[in-house]
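K.L.:
Pasting in a structure now, in structure tokens, and then I'll have a few things to ask.
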Amino acid sequence: MSTDIGATRLGHVNLLVADHNEAVAHYRRLFDVEFFLFMYVPEVSSTNTLGVLGDTCLELFAPYHADSVLGRTLAKQGPGAFALEFTVADYEQAREAVLAHGLRITSEDAPHYFWIHPADVGGIALELCPAQFPHDPRAEPGWSTDRWTDSPLGIVGLRSISLKVTQPAAEVAAQLHSLCAAKITDEGTVSGREFVEVQIAGETFRLISPTPSGSPRGTISSLDFAVRNLDTVHAWARACGVPVVEAAGGERLALPAELNLGTRIEFVQA
């Protein structure tokens, strides 16, 4: 039996938002996100919407009942990116691999998707799903990301996703190597905290170690996009009416989470 979940790609990043229509309008205005699937999901009291920003898929979760699971999460933790979904080649193989590693499955809708307990993987909320969503523009012949590359912001692609984990980054990287065939591509220190970068299914994830006092829960710290020219980000921000701030000692620019419905976006020179 394989102990690798068989991840084929990053399916999407899950974002929790307070207002569905506001979030759709916001991401269209700032990033020209192309939304392609709108779902009313009564079993979780949520409206879910999928869209692409370049080659990266985002799923917005907008709970409409405060006493639902997502509604309570929104009230407790606030809005923002909260989970990663990986597409897997085979549902049963992925499920058996997760159980073989002694990880807990918190919820499941076989054979469509299941969730791994975040506490078992360094505080990272992971959803595994074998499905390809209908109407995904990335599957259409001739589809291109040129509209984002040629836009004023000039997004070339997703550089990485930064994750604040609850255990030392090296430990989480070793676990992801066994679970997801993750390959270490870089390591170092940022803002006094050790990090390890790993590649899973072609995407890069920066695992950031907790502070000495520990971290109560893992978080998606930022979505990091490579841009053609970092200098043009300032012009884009002025045109959109949002300020950006320096990050990583001036090597990056960031749109703070407070100005982006709870999700921090960082821009790095391609």
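The values are calculated or read from the model by the stated rules, or taken from the named source; none is laboratory data. Computed from a prediction, not measured in an experiment: that's the story for all the values here. So basically every Cβ, Gly included, is an ideal-geometry build from the backbone, and we count neighbours across all protein chains shown. Side chains are part of the model used for accessible areas, which takes the heavy atoms of the whole protein and leaves out ligands, DNA and RNA. Shrake-Rupley method; radii C 1.70, N 1.55, O 1.52, S 1.80 Å.
K.L.:
Measuring with a 1.4 Å probe in the full set of protein chains, what accessible area per residue, in whole Å², belongs to the chain?
P.N.:
Accessible area per residue: 46 Å².
K.L.:
Something else: For the stretch 40-126, give the magnitude of the charge dipole about the Cα centre (Cβ charges: +1 Lys/Arg, -1 Asp/Glu; no others), in debye to the nearest 20.
P.N.:
It works out to roughly 380 debye.
K.L.:
Now for a different question. Net charge around Pro79, counting only other residues with Cβ within less than 11 Å of its Cβ (Lys, Arg = +1; Asp, Glu = -1)?
P.N.:
Working: positive: none; negative: Asp19, Glu22, Glu258.
Taking every Cβ under 11 Å from that of Pro79, the sum is -3.
K.L.:
May I ask you to rank Thr106, Thr49 by accessible area, largest first, using a 1.4 Å probe over the protein chains only?
P.N.:
Per-residue accessible area, sorted high to low, gives Thr106, Thr49.
K.L.:
Could you pull the accessible area for Asp231 with a 1.4 Å probe, rounded to 10 Å²?
P.N.:
Approximately 120 Å² for this residue.
K.L.:
At a probe radius of 1.4 Å, what is the per-residue accessible area of Glu251, in Å² to the nearest 10?
P.N.:
The value for Glu251 is about 130 Å².
K.L.:
Please list Lys183, Lys76 in order of solvent-accessible area, largest first, computed with a 1.4 Å probe with all protein chains present.
P.N.:
Lys76, Lys183
K.L.:
Let me have the relative contact order for the chain, percent, based on Cα pairs under 8 Å that are six or more residues apart.
P.N.:
Values: 595 pairs, mean separation 49.5, N = 270.
Once normalised by length, the contact order is 18 percent.
K.L.:
Under a 10 Å cutoff between Cα atoms, tell me which one of Leu74, Leu99, Leu60 has the largest fluctuation in the Gaussian network model of the chain.
P.N.:
Evaluated over the chain, the most mobile residue of the options is Leu99.
K.L.:
Where does each of Ser144, Ser213 land when they are ordered by accessible area, with a 1.4 Å probe and the largest first?
P.N.:
Ser213, Ser144
K.L.:
Also, quick follow-up: Please state the charge dipole magnitude for the chain, taken about the Cα centre, from unit charges on C-beta atoms (+1 on K and R, -1 on D and E), reported in debye and rounded to the nearest 20.
P.N.:
Around 560 debye, computed over the chain.
K.L.:
Please list, in order along the stretch 248-255, the HN-Hα scalar couplings obtained from phi with the Karplus expression 6.51 cos²θ - 1.76 cosθ + 1.60 (θ = phi - 60°), rounded to whole Hz, x for Gly and Pro.
P.N.:
6, x, x, 6, 10, 10, 9, 9
K.L.:
Let a ≥ b ≥ c be the square roots of the eigenvalues of the Cα gyration tensor of the stretch 163-252; is it rounded (a/c under 1.5), or, if not, prolate (a/b larger than b/c) or oblate?
P.N.:
prolate
K.L.:
Rounded to the nearest 10 Å², what accessible area does Thr166 have for a 1.4 Å probe in the complete protein model?
P.N.:
So the heavy atoms of Thr166 present about 40 Å² to solvent.
K.L.:
Post the alpha-carbon centroid distance, the stretch 210-225 to the stretch 1-38, in whole angstrom.
P.N.:
20
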